[in-house]
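Here is the structure we will look at, set down as structure tokens.
The values are calculated or read from the model by the stated rules, or taken from the named source; none is laboratory data. Quick caveat: nothing in here was measured; it's all calculated off a predicted structure. Positions of Cβ are backbone-derived with ideal geometry, glycine not excepted, and every protein chain shown enters the neighbour counts. Calculation scope for accessible area: heavy atoms of the full protein, side chains included, ligands and nucleic acids excluded. Shrake-Rupley method; radii C 1.70, N 1.55, O 1.52, S 1.80 Å.
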Amino acid sequence: MNFHILTLFPDMVMDGLNTSIIGRAVNAGLLSIEAVNIRDYAFNKHQSVDDYPYGGGAGMLMQAEPVYLAYEAVAEKIRQTGSVPAEKKLRVVYLSPQGAVFDQNMAEEMAREEDLILLCGHYEGIDERVLEEIVTDYVSIGDYVLTGGELPAMVMVDAVSRLVPGVLHNDVSAEFESFQDNFLEYPQYSRPEEWHGKKVPPVLLSGHHANIEKWRREQSIIRTYERRPDLFEKCRLTKKEEKWFKEYLDGE
Ligand code: ADE
């Protein structure tokens, strides 16, 4: 999978993504990540890419033309590889607090793309006209306002990359984790068996796989109920689990 990040701060993005699992996946050729500096497409001699908003108001706006030229350069390169059918519209994500809130389903859907172009705004935003022309998806990473789209782009690249086959080495762990069927992950323990007076739950030392699975499932249910009641609303329990959970709550 190939990520193309249009940004005024390419070092920030590349420095953040070239370590650990994502960096390894890039080195192994499973992913490619390029940061394209929008400033390289400035069309005036001062290399400025921002200007005052018409109608007044605080701050500066990123101008349409440098963003468009940066996009065109990337689009041309992708088209030249021949990996995308000519009639297919390229996927361009604009990171913005006005977008749909990013979640695991969106990450799974994006992981099916071969190329993803991520557009990072800065200052007060980007001239609306170029957004209308190139953007296919508006995505927010949460209901708060950051100084730019770079951190959100990095969040997206990380969440999508780990779903690309081979990136995690062990494909099972991409499946069994938080947000599988909306349940949060169960608690996990490693050595030693006792730490600060706290013992590892005995069932995990029992070697009894069915009991371990049952305990983990129950812990996921309890945890989701307690920590993310909003997710719990969407969870499906079996009849047996519902009965057990009712008894558990009654005993609390
Ligand atoms: N740019 C600024 N804030 C953002 C957010 N919360 N999500 C995505 N892009 C942003």
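Mind checking which residues of the range 207-250 are of a type in the set (S, T, N, Q) and open to solvent by 60 Å² or more (accessible area, probe 1.4 Å)?
Across the range 207-250, the qualifying residues are ASN211, THR238.
Failed condition for LEU30, given (1) in contact (Cβ under 8 Å) with a residue 40 or more places away in the chain; (2) among the hydrophobic types (A, V, I, L, M, F, W, C); (3) not in a loop (DSSP other than H, G, I, E, B), with all others met?
(3)
Considering only the range 25-39, I want to know if a residue exists there that is surrounded by 15 or more Cβ atoms within 10 Å (Cβ to Cβ) and among the small types (Gly, Ala, Ser).
So far as the range 25-39 goes, yes, one or more of its residues are surrounded by 15 or more Cβ atoms within 10 Å (Cβ to Cβ) and among the small types (Gly, Ala, Ser).
Would you tally the residues in the range 91-106 being more than 14 Å from the ligand (Cβ to nearest atom) and out of contact with any strand residue (DSSP E or B) (no Cβ under 6 Å at 6 or more places or on another chain)?
Here the count works out to 2.
Output the residues belonging to the range 115-156 that are away from the ligand (no atom under 11 Å from the Cβ) and within 13 Å of VAL92 (Cα to Cα).
If the condition is that a residue be away from the ligand (no atom under 11 Å from the Cβ) and within 13 Å of VAL92 (Cα to Cα), then ASP115, LEU116, ILE117, VAL130, LEU131, GLU132, GLU133, ILE134, VAL135, THR136, ASP137 are the ones that fit.
Give the range 184-206 a look and list any residue that's surrounded by fewer than 11 Cβ atoms within 10 Å (Cβ to Cβ) and within 30 Å of GLU233 (Cα to Cα), or say none.
GLN188 - this is the single residue of the range 184-206 that is surrounded by fewer than 11 Cβ atoms within 10 Å (Cβ to Cβ) and within 30 Å of GLU233 (Cα to Cα).
Among (1) of a type in the set (S, T, N, Q); (2) modelled with pLDDT of 95 or more; (3) open to solvent by less than 60 Å² (accessible area, probe 1.4 Å), which single condition is ASN44 missing?
Answer for ASN44: the failing condition is (2).
Say we look at the range 80-126 and pick out the residues that are buried (at least 19 other Cβ atoms within 10 Å of the Cβ) and part of a loop (DSSP other than H, G, I, E, B); which of these is nearest to the chain's Cα centre (by Cα)?
Among them, the one singled out is PHE102.
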